[in-house]
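Read through the structure below, which is laid out as structure tokens, and then see the notes.
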């Protein structure tokens, strides 16, 4: 009996320790999650404050410059990392062939002008002869004049078509130099023209914004125009700004990646859809593109819109 009682007690102790171990492991795993969009931070006194949302510094504007599929690049005047100014040449297209085509087109127009002039002279001469001719031969003159009028219209149409071609080629020659539309930095140059990517990508300089994430559980607490505090990960310096846009039409692609396949170990926060919102920065001095930061919305501000 005593052995049986001791065995029973031992089994109960082992079972209790196993439960404690499993519960502790589950809590540790949940406590170690870093994928939550809203993160609780403490203030300088150790008190818990409102949620911070993770974000990244990005340029206010990005410009993609695509190639004309019908043209060939002659030279590239910049390289990745270069600082460019508005109007600076980025690359040039070949234009020699177009110049030759323009010269040939102008010669053809001169020939057409000569044809039109001669045809008009013939029509005028035949018209005079017809008016003074007898009725028996007048029909012959009418037929010749009609044929010449048809030739005249065709020559005038050919001239208009050729002039349109010359105008188009002239525009291409004048647009052989592709210039930067902004002051910024060359982010990428895609030498492979058949990849479908932009040929040159520019990032605007001197103008930053924050792209941050919020899940659907906290989305309603944010409003455009709301004041925010911005905290960096590298020091205690704080910045201020405003929410300029909340994008509810598309979700963050990370939301699906962060969801667990085990529904018992995935809480509602991890399963919630995540959305992007954008923040302007009042004074971005010291911040750099690609830097990760946290955004704290001022939900109590009377200035929030």
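Screening 64, 120 for residues that are free of Cβ contacts under 8 Å to residues at least 40 places away in the same chain and either surrounded by 12 or more Cβ atoms within 10 Å (Cβ to Cβ) or part of a loop (DSSP other than H, G, I, E, B) (or both) leaves exactly one candidate, 120.
Answer yes or no: is there a residue in region 225-242 that is outside any strand (DSSP E or B), in the same structural domain as residue 212 (by TED's automatic domain parsing) and at pLDDT 90 or above. Looking through region 225-242, at least one residue is outside any strand (DSSP E or B), in the same structural domain as residue 212 (by TED's automatic domain parsing) and at pLDDT 90 or above. Pairs meeting the criteria (first residue in region 190-210 and not assigned by TED's automatic domain parsing to the domain that holds residue 77 and buried (at least 19 other Cβ atoms within 10 Å of the Cβ), second residue modelled with pLDDT under 75 and part of a loop (DSSP other than H, G, I, E, B), beta carbons under 8 Å, at least 6 apart or on different chains) are lacking. Residues in region 253-269: is at least one surrounded by 17 or more Cβ atoms within 10 Å (Cβ to Cβ) and modelled with pLDDT of 50 or more? No; the residues of region 253-269 include none that is surrounded by 17 or more Cβ atoms within 10 Å (Cβ to Cβ) and modelled with pLDDT of 50 or more.
The values are calculated or read from the model by the stated rules, or taken from the named source; none is laboratory data. None of the values given here were measured: they were computed from a predicted structure. Heads up, the Cβs are rebuilt from the backbone with ideal geometry, glycines too, and the neighbour counts pull from every protein chain shown.
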